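Okay, so here's the structure we're looking at.
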Amino acid sequence: MLERPADGAWSDALHGVFGVSTPLDGWNKEVFTDGRPPGYVFLDIPSKHAYRTSTLPQGVDETAVNVLHPAVPDDAGKSELWRRASEIAAELPRRDVPPGMRKPKLVMQSIAQFCTLRRHKDSTMPFAAAITKPLFEGVNFGVSTGPDPVLRLAARYMRFEVPGILARHMIPTLYETSYSMIPGLFNRTCPPVKVMLLHKAEQLSDAAYRLWRVRKTLNVSGFCNATYLGHLCAAVVASLGSNEGGRLERLMFTEGERNRLQRLRQNVDELGTHYFAPTFDLPARFQPGQILLWVRKMAELQRETPQEVAEQACLHPGLARMLADPDPRVLGLQAGTSEYQRFLRDAHINYVQNIADLPGLSIDSALKQEAAALRVNLHEFVDY
Amino acid sequence: MADASNAVSEFSSKMDKALATVLATPSAEDRYFIGEALFIGTVLFVLNRYAGAYLDELGIKPLAKQHADATRDYLAKIRAKKIEPSDGEAQQKQLQLALTAIEERGASPEAARAAEETLAKVLVDAGAINAQARETAHEVTVVVQAIVRRS
């Protein structure tokens with residue numbers, strides 16, 4: 001992968017997703033063993049394109065679709081990504097870690113607790129049960145400040161103490177439980193739960209969009225923090241808009257309200273797919289210079305401009321602008337040569353220079369900025 | 001003369017894919033890649049809805065009505081994936097008429113504000129996030145003002 005980043009990244013993506021199954025060009029059906037419903041993925045392998053859908057488009061013959069049985073990993077701790085992260089974490093204490101950041105060893109320990117967590121809502125429940133009670137300690141739902149269970153959970157997520165797959169399902173449950181149970185405990189009245197949930201969905205959708213828009217003006221850590229928090233906000237809206245088990249009917253959303261919620265869900269899902277999810281993929285695998293090589297190679301293969309591929313890969317603008325230099329020699333660089341090492345070193349130096357004057361957005365600042373959207377804010381609805 | 005194709009080109013680079021997908025898909029359950037033709041269709045829809053509201057605020061009622069009639073069914077056609085190249089050409093022609101009229105009358109901040117408000121509401125009704133609708137509508141103002149000013 002390091003010698004031919006584009007080919008390596010594509011193979012990695014295919015094998016990581018499909019395991020030992022053989023995907024074919026055209027429509028493939030993924031059949032899972034962990035209770036998830038099957039999904040469909042259209043592959044254009046020569047062009048390295050893929051897209052997913054929950055149902056086959058009209059006119060596609062299901063009997064002609066290639067069936068895949070993707071490997072469902074039962075322990076993320078055995079993955080290549082974990083191995084690489086462990087190597088980097090071991091290296092970090094020897095360098096300066098910014099103030100306020102936890103020690104890498106502690107971060108890795110937090111993440112390790114969830115290595116066996118599967119990407120399925122029901123599997124998250126035992127993990128959620130273990131961490132819910134402390135979220136409510138000292139919380140006063142009657143005021144706009146002070147501890148808040150959702151803000152606490154979001155902070156833990158931002159510090160890698162709770163994974164996104166858990167936070168995105170817990171937060172809607174925290175909202176629903178707080179809105180439906182707390183007012184009654186204090187003999188207070190409030191609007192139907194659906195009013196508050198729809199309001200939350202609107203606020204968090206705004207927050208996700210806002211964080212996406214602002215991130216391009218920030219330095220790399222600000223860009224990453226905005227993306228990570230934006231992704232959580234988007235994922236929570238997607239969960240709020242889920243009609244699993246007829247939830248929206250049970251909560252008595254009208255047809256119009258359901259449509260609004262589900263359109264918001266679709267919208268943030270697309271925001272997540274196009275602008276949040278790809279952001280960490282290349283930086284997790286490659287150094288900045290290698291990312292530039294990957295992008296150039298992919299652009300050549302897909303007959304697109306490097307800038308178009310950079311946008312698809314959600315590169316930081318400070319890195320993407322280095323693609324403006326159309327030096328054709330870079331594609332011929334061989335890993336391990338002194339020229340290659342010099343290229344990587346120069347790319348890193350230029351990247352640091354490009355972002356030097358940009359403002360940051362710390363985890364605390366990002367959470368403070370979006371606190372109003374995240375907080376339960378029951379006091380806004382309760383009739384005193 | 002203010003050029004509609006420039007407006008389409010400039011706004012295309014600002015239109016976010018999430019909004020384009022929401023506008024182009026008939027159902028909130030749909031998740032698929034929208035091709036270039038549908039994407040440009042959504043761009044033209046947004047620009048023309050804005051332009052129609054702008055013309056209405058300027059008091060150019062006959063052209064505003066013509067715009068409303070021309071764009072009324074366009075989103076439904078996009079969502080049904082039934083747009084033809086001739087539909088895109090007709091929308092582009094309609095946009096050109098609007099930009100020419102705005103250029104002749106002169107840009108108006110009040111009309112821009114009214115057009116932004118109308119467009120934002122249309123986009124929210126179609127599934128946009130509130131902040132997304134407002135910012136997209138404002139981007140259209142910026143593009144249209146630049147195109148009209150430049151000509």
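Read-outs: derived from the displayed coordinates by stated rules, not from any lab. A quick note: this is a predicted structure, and the numbers were derived from the prediction, not measured. FYI the Cβ positions are ideal-geometry reconstructions off the backbone, even for glycines, and counts take in every protein chain you see.
With coordinates expressed along the principal axes, the C-alpha atoms belonging to segment A:126-199 extend over 37, 24, 22 Å, beginning with the largest. The length gained by stretching the chain between residue B:150 and residue B:3 to full extension, at 0.36 nm per residue less their Cα-Cα distance, is 52.0 nm.
What FRET efficiency comes out for the pair residue A:132/residue A:329, r = Cβ-Cβ distance, R0 = 45 Å, nearest 0.05?
0.20
For the protein assembly as shown, the direction-averaged projected area of the alpha-carbon convex hull comes to 27.9 nm². Across peptide B:19-28, the average count of Cβ atoms from other chains found within 10 Å of a residue's Cβ is 4.
When +1 charges are put on Lys and Arg Cβ atoms and -1 charges on Asp and Glu Cβ atoms, the dipole computed for chain A relative to its Cα centre reaches about 860 debye. With each run of n ≥ 4 DSSP H residues scored as -39500 (n - 2.57), what mean residue ellipticity at 222 nm is computed for chain A after dividing by its residue count and rounding to the nearest 500 deg cm²/dmol? Value at 222 nm, helices only: -16500 deg cm²/dmol. Each of B:128, B:9, B:26 was placed along the dipole of segment B:2-150 (beta-carbon charges, centred on the mean Cα), and the one lying farthest toward the positive end is B:26.
Roughly how crowded by other chains is peptide A:160-169, in terms of the mean Cβ count from those chains within 10 Å of each of its Cβ atoms?
0
Treating cross-link reach as a plain straight distance, find the lysines whose alpha-carbon is under 18 Å from the alpha-carbon of residue A:78, omitting any fewer than eight places away in the same chain. Within the straight-line limit of under 18 Å, residue A:78 reaches these lysines: A:105. Projecting label points 7 angstrom from Cα along Cα→Cβ for residue A:83 and residue A:22 puts them 2.6 nm apart. Note on residue B:142 and residue A:55: their simple-model spin labels are 3.9 nm apart, each label 7 Å out from Cα toward Cβ.
Distance from the Cα centroid of segment B:8-61 to that of segment A:185-218 is 26 Å (rounded to whole angstrom). For the pair segment B:93-132 / segment A:233-282, the C-alpha centres are spaced 28 Å from each other.
Couplings for segment B:108-125, taken from phi via the Karplus curve 6.51 cos²θ - 1.76 cosθ + 1.60 with θ = phi - 60°, read 10, x, 5, 5, 5, 5, 5, 5, 5, 5, 5, 4, 4, 5, 4, 5, 4, 4 Hz in order; Gly and Pro are left as x. Distance between the 7 Å Cα→Cβ label points at residue A:247 and residue A:173: 1.0 nm.
Projecting the Cα atoms of B:102, B:53, B:83 onto the dipole axis of segment B:50-104, where Lys and Arg carry +1 and Asp and Glu carry -1 at the beta carbon, places B:83 farthest toward the positive end.
Projecting the Cα atoms of A:125, A:41, A:106 onto the charge dipole of chain A (Cβ charges, centred on the Cα centre) puts A:106 farthest toward the positive pole.
What you get for segment B:32-96, charging only the Cβ of Lys and Arg (+1) and of Asp and Glu (-1), is a dipole of about 160 debye around the Cα centre. Computed about its Cα centre, the charge dipole of chain B is approximately 100 debye, with only Lys, Arg, Asp and Glu carrying charge at their Cβ. The protection proxy used here, the mean number of other Cβ atoms lying within 10 Å of each residue, ranks peptides A:307-317, A:81-91, A:344-354 as follows, highest first: A:307-317, A:344-354, A:81-91. Shown for A:188, B:79: other C-beta atoms within 10 Å of each C-beta, ranked fewest to most, produce the order A:188, B:79. Mean residue ellipticity at 222 nm, helices only, chain B: -25500 deg cm²/dmol; runs of at least 4 DSSP H residues each add -39,500 (n - 2.57), and the sum is divided by the number of residues.
Straight-line reach from residue B:77: taking Cα to Cα under 12 Å and skipping same-chain neighbours fewer than 8 places apart, the aspartates and glutamates in range are B:87.
Across peptide A:264-276, the mean count of Cβ atoms from other chains lying within 10 Å of each residue's own Cβ comes to 5. Solvent-free Debye calculation, one equal scatterer per alpha-carbon of segment B:2-150: log10 I(q)/I(0) at 0.10, 0.14, 0.18 Å⁻¹ equals -0.29, -0.59, -1.00. Multiplying the residue separation of residue A:91 and residue A:380 by 0.36 nm and removing their Cα-Cα distance gives an extension gain of 99.3 nm.
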